[in-house]
Every structure is written in C-alpha cells, then in structure tokens.
Amino acid sequence: MQIVAALSWSWQRIEVDPLTGALDADHRGVNAAELAALEHALRLAEELDGRVLAVTVGPPEADEVLRTALAAGAHEAIRVERETPPDARWLASNGAETARAITTALTTTPDLVLCGDRSSDGATGATPAFLAARLGAAQALGVVKLETDGRAILAHRRLDGGSREVLRLPAPAVVSVEGGTRLRRASLPAVLAAQRTPIRSVPFETRPGPMVVARPRRPRPRELPPPVAPTAHRRILELTGALVERTPPTIVGPLSAPEAADALLGYLQRHGYLNVEQS
Amino acid sequence: MSAERVDAVVVGAGPAGSAAALELARAGRSVVLLERGPFPGAKNVYGGVVYGRVLDEVLPNWWEEVPVQRWVTRRSTMVLTGTQALTVDFRTQDWGSAPHNGMTTYRADFDSWLAGKAVEAGAQLVTSTVATELLREGGRVVGVRTDRPDGDIRADVVIACDGVNSFLAKQAGLLPTTDPAHHTLGVKETLALPRRAIEERFGLRGDEGADFEVLGCTGGIPGGGFLYTNRDTISVGVVLSLTGLAESGRRPEDVLADFKAHPAIAPYLRGAELKEYSAHMIPEGGYRSMPPLSTDGMLIAGDAAAMCLAAGIWLEGVNFAIGSGLAAGRAAAEAIATGSRDLTGYRKRLEDDFVLTDHKNLQRAPHLVLSDRVQRQYPKLLCDLAQEVFTVRNPEPKPGLRKLFRRTAARHGIRLRELVADAWAGFRTFG
Amino acid sequence: MTELPDLLAVVVVREAALPSGADEAAAECGGAVLLVGTGTRAAAHELTAARKIWICEVPRVAPGALAAALAPVLQGVPVVLLPASPDGRDLAARLAFDADRRLLAGAARCTSTHVELSRVDDRLAVEVELDGPVVVTLQPGARGVPEPLPSPEPVELVATLPDDVLDAETVQVLAPDPETVELTEAERILGAGAGLVRPGEDGTAVMRTLTEVAAALGASAGATRVITDAGWADHDRQIGTTGVVVDPDLYVAFGISGASQHVGGLGRPEHVISVNTDPSCPMTAMADLGIVADAPEVLRELARRLNGATDER
Ligand SMILES: Cc1cc2nc3c(=O)[nH]c(=O)nc-3n(C[C@H](O)[C@H](O)[C@H](O)COP(=O)(O)OP(=O)(O)OC[C@H]3O[C@@H](n4cnc5c(N)ncnc54)[C@H](O)[C@@H]3O)c2cc1C
Ligand SMILES: Cc1cc2nc3c(=O)[nH]c(=O)nc-3n(C[C@H](O)[C@H](O)[C@H](O)COP(=O)(O)OP(=O)(O)OC[C@H]3O[C@@H](n4cnc5c(N)ncnc54)[C@H](O)[C@@H]3O)c2cc1C
Ligand SMILES: Nc1ncnc2c1ncn2[C@@H]1O[C@H](COP(=O)(O)O)[C@@H](O)[C@H]1O
C-alpha cells in the first residue's frame, strides 16, 4: 500500500501592516495539522503494511520538513521545486497549482494521500480536494478521527452545525486531517541518518495566480433586516433599541465560591438554562 | 542496536557549544551538537549586548551578516538613588562602523546564526533533544544518553556547553552543587516601542544603539540594572545577588518594576508594551570559583564552566562563551587527531587567550562591585556631591570642591581611607 | 426552464437541512440560488433570501459525482458561489477542476466583476478582478442577511450522478456533541480567560474541567487568546476578532477582562455572566450578572455540583 503525506513549508504568522496592508513574514515551517497527517500516515502504514512517501512543494530549505518525516519513519521523500513569496498574489491563489505540483512528483497513483486540513499561509484547505480531483480519488476533508475496520479505513469528518459524518474510504482516497494527533518522537539514529540522506527534488513550472489589489481588511457592514413597525417613530425606537425592556445589570460580591456558584446557577435557573434541577 | 558513534558530542547549542562544534567540524571531525530547545537560542536569556570581536576568529567580516539589532555607539553608566541620577555618558561614532564594538541582537537570531555556521562546516545539529546522562566506562566519559529512543551516542570527547549550573559538569563531579553566593539572578523584560520613539528618546539614528548600565537601582539588594535598545524593542532588566535577594524577601519582578518606575528611567519606557519576561541565573564567581575545566573524555565551556565575566552589572558572557568554546573545540580536535587522551591543552589555550587573562585580571571585580559600599554608599555620596556642586545658594558664597567632598563623605560615614582603598582596588581591577 | 443567471449561489443540502451561510450566499447573488442534494424541495421553503430557486435533487451527497454532474449544467454561469461550509468547500474545488475554472476560496464579497478574498486571519483583503469564469466560496457571517422574503416556487433541474466517479461512502451521520460543536453554532458558551488559570498551574487541565462543566450545562467551552496562545486550548476555541466569531444566547466569562478584540467576536448574547475578581473590568461592566469571586474556585465548585466526581482528582 502506497501512502503519501503532503507537508507544506508555509509562512507562519504573517504580519499585516494595519495602514498599508504590506505583508511581512520571516519564518516558515510545517503546521500541527500536517504533522498529524504524517503521524496518521505512519500508523496506517504500520497497520496495513504500507510505505510512506513524504512530499513537499517548496524551496530547498523545505528539505527540513522532509527530514523530519524521514526521521519519524517515512520511507522516501521528494521535494517539488517552487518558491512562494509571502505576497498577496500568492495568498489569493489556492491549492490548484500545489495539487498539480504534488502530482508531478508521483509516478503511480497512491492508495492514500494524507494532508493537513489547511496550511498556515494559503489556508483555504483546497489543495486536498484538487488532489483528489486530479488523482480521480475519493475525498474526506476536515477529518477528526481515522480508524480501520479490518482493511477499510473509516474517517470521521466535521459537517455543518457540529454533526459528523463517518466515511468508508475506497482506494485511492485523499484525506485532510485536523491537528491534535502528535507526531511520534524520532530515535536519535534516525534523526542523524535523515540529516545525512540526500533529498531528491524535481522541477516545476508554476502558473502565476490572478492579478490582485491588497489592503488591510475592514469588516464589511452587516446587512440587517429593516424594522417592521408601522410608524417612523416606532421604527427608530426599534432600530436603536431604546425603551426595550431589559433586566438591569447586577453586580454581586465579593462572594465565596459556594455563594458564587449559587448566584450563577440561580441566574441560569431563572432564565431557563437549567432544565433539570441540579443539587 | 549499537549506539551511534562520532568523534565528538557537544551538548548545548548556545554560543559556547556552537563555537566548539564549529572548530571541530572545521578540523574535519565528525561532531554532533545536541540542543534541548526546538532551535538554538529558543529560550536563551541575556541582556542584549554581544561584543563581537571574538568572531574575527570565526568569520572574516562577520559584521556583514551577523543578525544585529543595533550597533552600540552610546554607553551610559548611571548611578541612582531614590530621587537622584548621575550619568557618565559616552558616545563614539567609531563603534558604528566596522569592526564595531558591541551590538544588540536577539539570542534566537544570534544563536541560530552561529549554530548555522557550525552546520555549514559539517556539524550535525540535533534539536529538541536533551542530554540526560553521561555515559562512562571506568572513570572515562565515553558519550551521552539523550531523551530520544535509542538515544545513546558515543564519542571520543564530550564537550558540555549546557549553560549555568551545568547538569553534565555536576555529573562529572567538576562542578559542586549550586552555591548561591557565586550566582546572581538576572530578570529581564522586552518592551515594544516604535522605532521612531526609541531613536528620539535615546538620541540615535539608523542602526545606532544605546547601552545603559545602572548602579544603585536595586533597592539595597546587591546588583544593578541595565537598559539596551533593539530595533523596535527595549531590553530592561536587573541583576540581583541571590543571597541579597533571599535576605530582602522581595520578589525579583518587584525590584524590576521599581527600577522601571524610577524618574530617570521611566521616561525612556513610557507607553511601551510588554512582550516578554524572563529570568536566568548568571555565574558570578569569576576566576576564583572556576571549576576544573576537564576530566577524562570531557571538557566544559561557557557558562557551564563559569566563564561569564560578570562584574556585577558589566556582563560579558557571550564573547567569553565563544572564546572558551573555540578553545575547547580546538583542544578536542587536537587530542582526537593525535589519539591522545590528554585534554589539559584546553586550559593552556584559555590562559594564553583573552578568556582567562581577563578573568585573572578582573578577579576582584565581582566582589568589589557587589560590596556594600559600592552598592549603597557611593551612589548616594556621588549623587549628593553632584547635587551640592550644582545647587546655587546665593547669597551664600560657593564652598570649595574639596570642602564639599569632605563634608559629603563625612555625612555618609565614609572614611577617606576606605575610599582610597576602594579606588586603588578599582584601579587595579579595571585599570 | 429559465436560463441560469450570471451570478448563482449553489448550496448543498442534506436531508432538507440548509448549511450555514446558505441565505448569505443567495443574497450575495441577488437571490438566485440552486439547491443540490437530498430534500431540496423542502429546503427551498427554509430559504429567506431567495428570489429565484432552482432545485436539483440527487440520491446522495458526494462531491466527486456532484461536481461531474453539475459542471455541464453550470457552464453558462460565469460566477458560481458556494457558502464555505464543509460540503460547500468540498464541492467547490471539485467543480472548479471539472469546469476548468479558477477557484477563489474564502471570499468576503462577490460581484459579477470583482471578488474580495479574506486572508491572513481576516486581516488582509485581497481584491481580484475577474477575467474568466470562476467558482467562489463565501465566508459565513461575512455579509449578514436582508429582510426575509417569501420563498418562490422552485424550478426543477435534472442532473444525473455518474457512477464512474469515485467517492467515499457515507456510513453514518452522527448528531452534534455539545462538547465538540463548532463554537460558531453553540447556543451556550463558557469562556475561559487568563484569570481562570493560576500562575504555574496547568491550563490544559483547567480547560478540561471547564469543558466538563460546560457539557453538564449543554454548553461549549471557548477561550481568550491568552489561553489559546499558551497552548492550553486549540486555536479553534479562541473567541474574538482573530478567532472564532460566535453568537450564543448565553455567555459565561470566567476571568476574562473583556478586551475589545475578544468581545468583538461575541455576537449579541441575550444573557452574559462574568465571574471576575475585578468588579470594574469591561466584561463585568457589560454583563447582566457580574459575580465578583475567584474564578478558579467557582469553577471547581461548579464541577463538584454538576459532575459530582470531578473534585476527586
Ligand atoms: C539577565 C542576563 C543578562 C545578560 N546580559 C549579557 C549581555 O548583555 N552580554 C553578554 O555577553 N552576556 C550576557 N549575559 C550572559 C550570557 O547570557 C551567558 O554568559 C551566555 O549565554 C553563555 O553562553 P553558553 O553557550 O555558555 O550558555 P547558554 O547560552 O546558556 O546555552 C546553553 C545551551 O545549552 C542547552 N542545554 C542546556 N542543558 C542541555 C541538555 N541537558 N541537553 C541539551 N541541551 C542543553 C540550552 O538550551 C542552551 O541552548 C547575561 C545573562 C543574563 C541571565
Ligand atoms: C491584533 C490583536 C488581536 C487579538 N485578537 C484576540 C482575539 O481574537 N480573541 C481574544 O480573546 N483576544 C484577542 N487579543 C488579545 C486581547 O487584546 C486581550 O489581550 C485578551 O483578550 C485578554 O484575555 P483575558 O481577558 O483572558 O486576559 P486579561 O486581560 O489578562 O484578563 C484577565 C482577567 O482575569 C481577572 N482575574 C485575575 N485573577 C482572577 C481570579 N482569580 N478570579 C477571577 N478573575 C480573575 C482579571 O481581573 C482580569 O480581568 C488580540 C490582541 C491583538 C493585539
Ligand atoms: N506546498 C505544499 N507542499 C506540500 N503539501 C502542501 C503544500 N501546500 C499545501 N499542502 C497540503 O495541503 C493541505 C492544505 O493546504 P491549503 O490548501 O494550502 O490550505 C496542507 O495541510 C498540506 O497537507
């Protein structure tokens, strides 16, 4: 079974000048979700007798994330050569080009690709879906739990409103996972060996993103339904909230912890938040 | 599985460790540099000024690429009392251009840069890895154990550069358990302030920087304070004698808060936003309390060997760490090359070098600077004297300077004999 | 069949349930919306911002097959807008790929000529001038919804799901668990601030207790940036302008000062309680009930009363 772990080398903590919108970033790396993806890849490889290939699309410094993967137990690593400056034009683009780059590094269609749910800079989470489209694979995005039932892999993913969907994955499949699962600790000989391993890289000709204009973001005014009262005077009262009945704010205390708990639970009780009586 | 084996293991990628690893790698030796943090300098604390000339030995024209914040062109020494301040303010544009003198730099940047030089030369840096134990055979140190799986690594020489209170030096029996009398505590805050504001308040331009050292600002606890400018932050901190601190019953952050609130200091910091607080011990014993520097199979360098030159508030640790690290690396490389187990060449190198020469010459400094007279009496004396001199009392006639001096000294209960003795000691120490 | 407009919202429906952001997407497209999925006819009645509704009923929700089926249907629509809900994001990239269009993900505004993308945690607006057909996803909460309109009668569109496209098989859909419900959806939230963790204490354990107490009250746990920065809670628990924007009915703040960046993400809760040692901090000042007390102690007391066993650790 061939498993691919896609690890980004993305800009961390981009600063935006609040007046001009100019961008500044000095530090790149892999994020927690991607390390979780790598750990899942390694676990599944152990369980299902697979091999893990770590792939990154980035500049030579990105070899560092591949060495992390090799030290932790990935069998192979490859880098697709591409430089991405921290500018608005690059941020506006999304995973389509990255997915194309990743597939150029693959000689065969893998059975499973594991990604993070979003990178730290692009952060739209679109790369995995584009990868699935390119590979003709099934997809499971925003996965919070991965398990196997015998041979098939089951993925629990977030849906709207807090529900979850359990998916059975065919092969090939692309999965993006949230952070939370910690990457195992590599042994010392593995760390040293990974540092000595030369990393293969392949060239890639990227297409530029769209032309853009960037500025600091100001939240857009939210649209509210107009007031419905029959007279202008009432409509104004409704809009401004004047004369609306409201419980006056109360401040109590200083209270001891039991008194405070009484006050808190009493308030919740009065306002219908405690359906069952608590002792 | 048999343990990894290399020529040398260096523990701690601070300035000392990186310098040692660099020299070993340059000598063609296989060397592994272990660092506990996620990257070199991740958690390292210091005031903020590095005297870089020692880097001449590492890299020609190092100043063109070192990650500097500001080049120090202004040094002030201040003496404070509760309400007074007397400042000796020195500035020279010469330090603003190569080869420079002091620079302010962030340790995360500086330590990573120096470790990067070692890696470029061929050293293997392994981060997020703690050396937990020395491996020994007979009496000889033959490697270290780390907290990674299969974490043993064997080497001809182990160099412990794991900082003040070195765990490894203690395990090797080179360092006695911590002696509070020979340590001070440094606490420091990094405060953010717009670049323009820093330049206006400290009278700086471009990449010029200022470095203030302050006596008499620690509420009677032996120690001192400092203030350094970075590009858009200020480092402000106090260094406190551990015994004095314990006796006073005060918390170090309160002493620092008082220092920041002093009328002579507060205007520099107004409106600055706290970014970071940190605390760290400093070896302050100097030459007299330096441990033996080697044992069979192992050397110690930097703060681990109490190499920090700490005369109270004048702190030079990084340059001494680099100097001793370079010497340790060379001595180890030489021993490995000749197959000799004799590592005593290290001490010899240090003695021929600025490292031990300066330490020997300044061996009385910590004692003097932390003495009660320098800490409590002289600040008051000097400030009162200045106040007398500068106060105009017409219609009373001006008293002569000598008279003023004698009168002020007497008021502070300082005998001339002590003053002369201290002046002589000071002259011999710093002169 | 009426011709599809230039700007069309495409909303994936599961068993007649609309995703968050459905009406916003419809409103952004001038009220033109296509519902695809299961139970689309019933879902059409739930829309409040639609002026023109198309429905396309399919046997199952599967992004690969849906994209393949819809791409030809949407060929003449230059701007296809989906809410950035899980199903919307899933479908958007597949649709863009199948229709050979650019995807502009995470928009805050969308017109037929320009799209404004929100980037870098909502701190940067990137405006793209459209030079060809696109697929866009719209951030929920970005625009708000206008006055409700009666839903028009939907027009049916027919599309058949191909069976040669690989998709994962849905085994089960699990109902929301209040402990893990996305904060944005939560009706009751207990918030943790710096004052809930004593210096030197393990904040992760405190967050666990808070989550337990919250679960007993049918609520979710949130936090301020101080807590999430310290690594005691995941970033997705951070309420505020650079975190999650929530809109609960009930907010209980434990040891929170009420900085504008935090309160800015709080929506308009009907009931606010603040437990804080400082009676004049902004959070307590804006609360309906301000309790001046030691937050860690109060939490411990609540844990004891609500969960019984928690204090035995
Ligand atoms: C408040 C304060 C202000 C100071 N101001 C100045 C100043 O302005 N100028 C100046 O030159 N000096 C200053 N110093 C002194 C200076 O910081 C030190 O002398 C210098 O850092 C010593 O370098 P080092 O490499 O020996 O040790 P360190 O810099 O302490 O480095 C030790 C390294 O070893 C690592 N380590 C420790 N144990 C292990 C282990 N078991 N396994 C793996 N890794 C380990 C640590 O993570 C660390 O990276 C100041 C110190 C303090 C506390
Ligand atoms: C650009 C920017 C974006 C930001 N975005 C966000 C954001 O999205 N979300 C966010 O939350 N913050 C954000 N912040 C940070 C924000 O400004 C505040 O720093 C933060 O919200 C304060 O969190 P706090 O209330 O937990 O802590 P503090 O402000 O430190 O308040 C702690 C409170 O606890 C009280 N307290 C102390 N001890 C006790 C006790 N024993 N019992 C009870 N009460 C006690 C204190 O009186 C105080 O009111 C942002 C800041 C910036 C600059
Ligand atoms: N440059 C890259 N190299 C390898 N994988 C990437 C890269 N960018 C994104 N990915 C993968 O796609 C996921 C989602 O990224 P994004 O679509 O940028 O939010 C990441 O978590 C990675 O797993």
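Under the condition of being within 16 Å of C:Asp236 (Cα to Cα) and assigned to a loop (DSSP other than H, G, I, E, B), the residues counted in the range C:180-208 number 5. Criterion applied to C:Glu301, C:Glu270 was being surrounded by fewer than 18 Cβ atoms within 10 Å (Cβ to Cβ) and either within 16 Å of ligand 1 (Cβ to nearest atom) or at the interface with chain A (Cβ under 9 Å from one of its Cβ atoms) (or both), and the one residue passing it is C:Glu270.
The requirement of being farther than 24 Å from B:Ala118 by Cα and of a type in the set (Asp, Glu) is satisfied by B:Glu351. Return yes when B:Glu64 is charged (D, E, K, R) and within 23 Å of the chain's Cα centre (by Cα) and no when it is not. The answer is no for B:Glu64. Among the residues examined, B:Leu385 does not qualify as part of a loop (DSSP other than H, G, I, E, B), among the aliphatic types (A, V, I, L, M) and modelled with pLDDT under 95.
You will find that of C:Leu130, C:Leu138, C:Leu190, the residue that is within 16 Å of ligand 2 (Cβ to nearest atom), of a type outside the set (Gly, Ala, Ser) and buried (at least 17 other Cβ atoms within 10 Å of the Cβ) is C:Leu190 and no other. Quick one: count up the residues across the range B:254-284 that are away from ligand 2 (no atom under 16 Å from the Cβ) and touching a strand residue (DSSP E or B) at 6+ places or on another chain (Cβ under 8 Å). Qualifying residue count, the range B:254-284: 17.
Among the candidates A:Ala45, A:Ala37, A:Ala72, the residue that is within 11 Å of ligand 3 (Cβ to nearest atom) and either within 23 Å of C:Asp121 (Cβ to Cβ) or aliphatic (A, V, I, L, M) (or both) is uniquely A:Ala37. Is it true that B:Ala310 is away from ligand 2 (no atom under 16 Å from the Cβ), at pLDDT below 80 and in the same structural domain as B:Arg140 (by the TED database)? It is true that B:Ala310 is away from ligand 2 (no atom under 16 Å from the Cβ), at pLDDT below 80 and in the same structural domain as B:Arg140 (by the TED database).
When the range B:168-206 is filtered for residues that are outside any loop (DSSP other than H, G, I, E, B), of a type in the set (D, E, K, R) and assigned by the TED database to the domain that holds B:Ala264, the ones remaining, listed by number, are B:Lys188, B:Glu189, B:Arg195, B:Arg196, B:Glu199, B:Glu200, B:Arg201. Within the range B:212-225, the set of residues being closer than 22 Å to B:Glu276 by Cβ and surrounded by fewer than 24 Cβ atoms within 10 Å (Cβ to Cβ) comprises B:Phe212, B:Glu213.
Inspection of the range B:204-224 identifies no residue that is within 16 Å of ligand 2 (Cβ to nearest atom) and either free of Cβ contacts under 8 Å to residues at least 60 places away in the same chain or of a type outside the set (Asp, Glu) (or both). Here A:Ser120 does not qualify as out of contact with any His (no Cβ under 6 Å at 6 or more places or on another chain), away from ligand 1 (no atom under 16 Å from the Cβ) and over 23 Å from A:Gly180 (Cα atoms). Can you name every residue in the range A:36-52 that is surrounded by fewer than 22 Cβ atoms within 10 Å (Cβ to Cβ) and either under 24 Å from A:Phe204 (Cβ atoms) or of a type in the set (S, T, N, Q) (or both)? Answer for the range A:36-52, where residues must be surrounded by fewer than 22 Cβ atoms within 10 Å (Cβ to Cβ) and either under 24 Å from A:Phe204 (Cβ atoms) or of a type in the set (S, T, N, Q) (or both): just A:Arg51. Test C:Pro296 against the criterion of being at the interface with another protein chain (Cβ under 7 Å from one of its Cβ atoms), away from ligand 3 (no atom under 16 Å from the Cβ), over 30 Å from A:Pro216 (Cα atoms) and more than 29 Å from the chain's Cα centre (by Cα), and give yes or no. Here the answer is no, as C:Pro296 does not meet what is asked. Pairs linking a residue in the range A:105-125 that is free of Cβ contacts under 8 Å to residues at least 40 places away in the same chain to a residue that is in a loop (DSSP other than H, G, I, E, B), with Cβ atoms under 8 Å and 6 or more positions apart or on different chains, are A:Thr124/A:Asn94; A:Thr124/A:Arg118. Of the strands (runs of 3 or more DSSP E) lying entirely inside the range A:85-161, those carrying at least 3 residues that are small (Gly, Ala, Ser) and either within 8 Å of chain C (Cβ to nearest Cβ) or within 9 Å of ligand 3 (Cβ to nearest atom) (or both) are A:138-149. When the range A:222-258 is examined, which residues are found to be modelled with pLDDT of 70 or more, surrounded by fewer than 14 Cβ atoms within 10 Å (Cβ to Cβ) and either in contact with a Lys or Arg (Cβ under 9 Å, 6 or more places away or on another chain) or in a loop (DSSP other than H, G, I, E, B) (or both)? A:Pro226, A:Val228, A:Ala229, A:Pro230, A:Thr231, A:Pro254, listed by residue number. The criterion of at least 1 residues that are touching a residue at least 24 places away in the same chain (Cβ under 8 Å) and more than 10 Å from every other protein chain (Cβ to nearest Cβ) is met, among strands (runs of 3 or more DSSP E) falling completely within the range C:67-120, by C:79-83, C:102-110.
Note on the range B:311-345: among residues that are part of a loop (DSSP other than H, G, I, E, B) and not β-branched (Val, Ile, Thr), the one that is nearest to the chain's Cα centre (by Cα) is B:Gly317. Does the range C:93-103 include one or more residues that are modelled with pLDDT under 95, surrounded by fewer than 23 Cβ atoms within 10 Å (Cβ to Cβ) and not charged (D, E, K, R)? Within the range C:93-103 (the criterion being modelled with pLDDT under 95, surrounded by fewer than 23 Cβ atoms within 10 Å (Cβ to Cβ) and not charged (D, E, K, R)), the answer is no, since none of the residues qualifies. Kindly list the number of the only condition in (1) over 16 Å from A:Cys115 (Cβ atoms); (2) within 12 Å of ligand 3 (Cβ to nearest atom) that fails for A:Val55. It fails just one condition, (1). Please tell me if B:Leu362 is over 27 Å from B:Ser112 (Cβ atoms), more than 14 Å from every other protein chain (Cβ to nearest Cβ) and within 15 Å of ligand 1 (Cβ to nearest atom). So B:Leu362 passes the test. For C:Glu147, the conditions (1) facing another protein chain (nearest Cβ under 10 Å); (2) outside any loop (DSSP other than H, G, I, E, B); (3) under 18 Å from C:Ala22 (Cα atoms) are fulfilled apart from (2). When the range A:134-156 is examined, which residues are found to be surrounded by fewer than 24 Cβ atoms within 10 Å (Cβ to Cβ) and either within 24 Å of A:Ala92 (Cα to Cα) or without any contact (Cβ under 8 Å) to a residue 40 or more places away in the chain (or both)? A:Arg134, A:Leu135, A:Gly136, A:Gly142, A:Val144, A:Lys145, A:Glu147, A:Asp149, A:Gly150, A:Ala152, A:Leu154, A:His156 - these are the residues of the range A:134-156 that are surrounded by fewer than 24 Cβ atoms within 10 Å (Cβ to Cβ) and either within 24 Å of A:Ala92 (Cα to Cα) or without any contact (Cβ under 8 Å) to a residue 40 or more places away in the chain (or both). The residue list C:Gly37, C:Gly64 contains one member that is over 22 Å from A:Glu97 (Cα atoms), in the same structural domain as C:Glu147 (by TED's automatic domain parsing) and either surrounded by 24 or more Cβ atoms within 10 Å (Cβ to Cβ) or within 19 Å of the chain's Cα centre (by Cα) (or both), which is C:Gly37. How many of the residues in the range A:179-228 are closer than 27 Å to A:Pro59 by Cβ and facing chain C (nearest Cβ under 8 Å)? Residues flagged as closer than 27 Å to A:Pro59 by Cβ and facing chain C (nearest Cβ under 8 Å) within the range A:179-228 amount to 6.
Taking the criterion of being touching a Gly at 6+ places or on another chain (Cβ under 6 Å) and small (Gly, Ala, Ser), the residues of the range C:195-227 that qualify are C:Gly195, C:Gly222.
The values are calculated or read from the model by the stated rules, or taken from the named source; none is laboratory data. In this text the structure is predicted, and so the values were computed from the model without any measurement. For neighbour counting, all protein chains shown are included, and Cβ atoms are generated from backbone atoms with ideal geometry for every residue, glycine included.
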